[in-house]
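Beneath this line is the structure, given in structure tokens, with notes to follow.
Laboratory data are not the source of any read-out in this text; all were calculated from the coordinates shown. The structure presented is a predicted model; accordingly, all values stated were derived computationally and were not measured. A quick note on method: Cβ atoms are made from the backbone with ideal geometry, for glycine too, and the neighbour counts reach across all protein chains shown.
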């Protein structure tokens, strides 16, 4: 097969009065029109019928380029696909990604950044960029197999366990891969069955940690010392953890609070972040919680409506993991069973129930979706005063625990003075 000779033949052809088509090599022909344009075609049978498929215009498309393109078209035809339909899809913008990396880019851009909260989208993109694209990103999407996904998960679990950890992050990768494959399957790029029930190599149990009354009293007392500048972390974390203990809110609902959402007239906070209508809500604060917010706003310099109420010591928004690190430092300073900021949310919900607060009020305080259609669709009341009364009840109860512990000094967990030194 002499492609160079065929190329010389095409180059030597002159314009004709009427279009002329001349066969070249391997089913490729050239058609010369009256203005001298030379178009290369492939003559081939598609679903048993003779067809002429356009390959390109010479010399922008050489005979070698046309031959390479013809191999791709013949492969599509052999798979039972019509190349003309593939071209129409490409022009319509519905082209199918060729590689796993291309599909990942589409998934992140078209689904994660549109349908997910920023934190989830960023974490999904990070896992795919670090654990998936470098290893199987170059794989043809049509050749992706379930074994490729399972192997990625197993390798990650093995690497994590080698560092002495359980490997829970491998479970997170498994979940991300399942969602990615489901997205690709919805678009018809591959068989979604390869992503069903991917292995989760690490054993996980739901946390059930609830702080006891004495632990809550001790923690509240210590957090006030942190707020005053004494403790293993900056005072702003004492403010945030104190509010978590008094409200049961999500950490981001406090760290992303802006000045515009604080209303001093009725001591309320408008929580405008969240995925559901239930999480986007208004709350009236009892006196102690309100004083924490009010003091934080008063400390701001030249605040604008978009200014964050609680600012990281590094500047800008406080990330969730910063609050978690501060909690771990406090756990080390106060000799009680370890807890996390999420445990405070669970503890508050449980304590409100123990104090006789109605379940519907507890749900509105914590921003959870109602379990029934009536609550989700029809009941739009906010029960603000009921929520404030419930939080006031919780506030009084927490203070009572702290007072009780102070009255029985032997029961108060000792806090060493060196640990109370302000960190710089």
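Annotation: extensible slack from residue 206 through residue 21 equals 59.3 nm (criterion: 0.36 nm per residue apart, minus Cα-Cα distance). With 0.36 nm allotted per residue and the present C-alpha distance subtracted, the residue 129-residue 328 stretch has 68.7 nm of extension available.
Against the chain, whose longest principal axis is taken from its Cα atoms, helix 168-186 shows a tilt of about 40°. Highest mean packing first, where packing is the average number of other Cβ atoms within 10 Å per residue, the peptides 361-373, 10-22 line up as 361-373, 10-22. Its relative contact order, with pairs defined as Cα atoms under 8 Å and 6+ residues apart, puts the chain at 12 percent. Enter the angle in degrees (range 0 to 90, nearest 10) between the Cα long axis of helix 63-78 and the first principal axis of the Cα atoms of the chain, meaning the one along which they spread out most. It is inclined by approximately 70 degrees. Computed across the stretch 37-167, the Kirkwood radius stands at 18.2 Å (inverse of mean 1/r, all Cα pairs). Based on every Cα atom in the stretch 100-195, Rg and the maximum pairwise Cα distance Dmax equal 13.0, 40 Å. Percent of Cα pairs in the stretch 213-420 per distance bin of 10 Å, from zero to the largest separation: 8, 35, 37, 17, 3, 0. Taken over the chain, the convex hull of the Cα atoms encloses 250 Å³ per residue.
What do you get for the angle between helix 320-333 and the principal long axis of the chain? Use alpha-carbon atoms, 0 to 90 degrees, nearest ten. The answer is roughly 40 degrees.
Here the Gaussian network model covers the chain, with springs between Cα atoms less than 10 Å apart; of 137, 274, 34, 34 fluctuates the most. Computing FRET efficiency as 1/(1 + (r/R0)^6) for residue 51 and residue 114, where r is the C-beta to C-beta distance and R0 is 51 Å, gives about 0.85. Per-residue ellipticity at 222 nm, computed for the chain from helices alone with -39500 (n - 2.57) per DSSP H run of at least four residues, works out to -14500 deg cm²/dmol. Placing R0 at 30 angstrom, the Cβ-Cβ distance between residue 270 and residue 378 gives a FRET efficiency of 0.85 after rounding to 0.05.
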